[in-house]
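The values are calculated or read from the model by the stated rules, or taken from the named source; none is laboratory data. This structure is a prediction, so every number in the text was calculated from the model and none was measured. Note that each Cβ is placed from the backbone with ideal geometry, even for glycine, and that neighbours are counted across all protein chains shown. These accessible areas exclude ligands, DNA and RNA; they are computed on the full protein's heavy atoms, side chains included. Shrake-Rupley method; radii C 1.70, N 1.55, O 1.52, S 1.80 Å.
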Amino acid sequence: MSTRLGRYRTVIAAVLIVVAIPLTILYGVYSLNDRKYYFISLLIITYALLPFLLVFERRAPQARELIVIAVLSAIAVAGRAAFFMLPQFKPVVAIVIIAGVSLGAEAGFLVGVLSGFVSNFFFGQGPWTPWQMFCFGIIGYLAGVLFRKGRLSRSKLSLCVFGGAATYVLYGGVINIGSLLMFSAEFSWEALLAAYASAIGFDLVHAVATVVFLFVLSQTMLEKLERIKSKYGLLDRGG
C-alpha cells in the first residue's frame, strides 16, 4: 500500500511540476500579457504545496517540519540579498539542491519556489518571477529525485558537478526562453540564439557561484539537517 501511495504521489508531483506549472506560466505570458505575475506566482506556490503535502501520506505535517522548509527558504533569501552587489553570484541554487537531497524532491521544489518568490520582494517582482520560481524549484526537485534513485551522492564532487551543470543548462536555459517571451512579441530561433549568446557570461557566473557555495556549505548543512531529521523524525520519504 505504501509503495502504491508513493508511486501515486510521484506521478502527481511530476504532472504538476513538469506540465501544470509550465502551462500556467505560458498562460500568464500569452493570455494575461505578463501583467498578473502575482497571481501566477501564487498559483505556482499552490502547485508546489500539493506534492509536498502528499509526502505525509498518513498524517498532517507538524509545525517543526514546516519550520525546516521555512528556515531553508529564509537562508536562501538572505543569501541572495547578501550578495546583491555581485550579479548572478548567489547561493540560492546551492541551498535548493541541499534541500532536495536532504528533505526530498517535493521539499526541494517548495524551497526553490518560495525562495524565488520571497527574495523578489527585495530584488523586484515582475513577469520574470514565475520563471525564476520554476527554475529554482525544478532544480531542487531534480536533485531530490536523482538522490533518491542513487544517481546523485552527498559527496562534494557529485553535488558540485550536478549543481554547476543544472544551473548553467537548466536554470540558464529556461530563463533565457522566458526572457525572450517577456521582451519579444514574436518567437524566433534567431532571437533565442541571440538570447543564449548574450547570457553566456551571466550563466557561467551563476554556475560557478553554485559550485562554490555547494563546496563550502553542502557537507555542513547536510550533516545538520540529518541530525535534525534523526532527532525529530522529520520528513520521512519512504514509499
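Assorted remarks:
- Within this structure, Leu170 fails the test of being surrounded by fewer than 24 Cβ atoms within 10 Å (Cβ to Cβ), of a type in the set (A, V, I, L, M), in contact (Cβ under 8 Å) with a residue 12 or more places away in the chain and farther than 23 Å from Leu72 by Cα.
- No other residue among Leu152, Leu146 is assigned to a helix (DSSP H, G or I) and among the aliphatic types (A, V, I, L, M) apart from Leu146.
- Test result for Val216, open to solvent by 30 Å² or more (accessible area, probe 1.4 Å), within 19 Å of Phe83 (Cα to Cα), aliphatic (A, V, I, L, M) and at pLDDT 95 or above: yes
- Of the residues making up segment 169-186, none is more than 30 Å from Asn33 (Cβ to Cβ) and charged (D, E, K, R).
- Of all residues in segment 184-213, those being in a helix (DSSP H, G or I), open to solvent by 60 Å² or more (accessible area, probe 1.4 Å) and among the acidic types (Asp, Glu) number 1.
- Of all residues in segment 192-231 being of a type in the set (D, E, K, R) and out of contact with any helix residue (DSSP H, G or I) (no Cβ under 8 Å at 6 or more places or on another chain), the one that is nearest to Gly163 (Cα to Cα): Glu223
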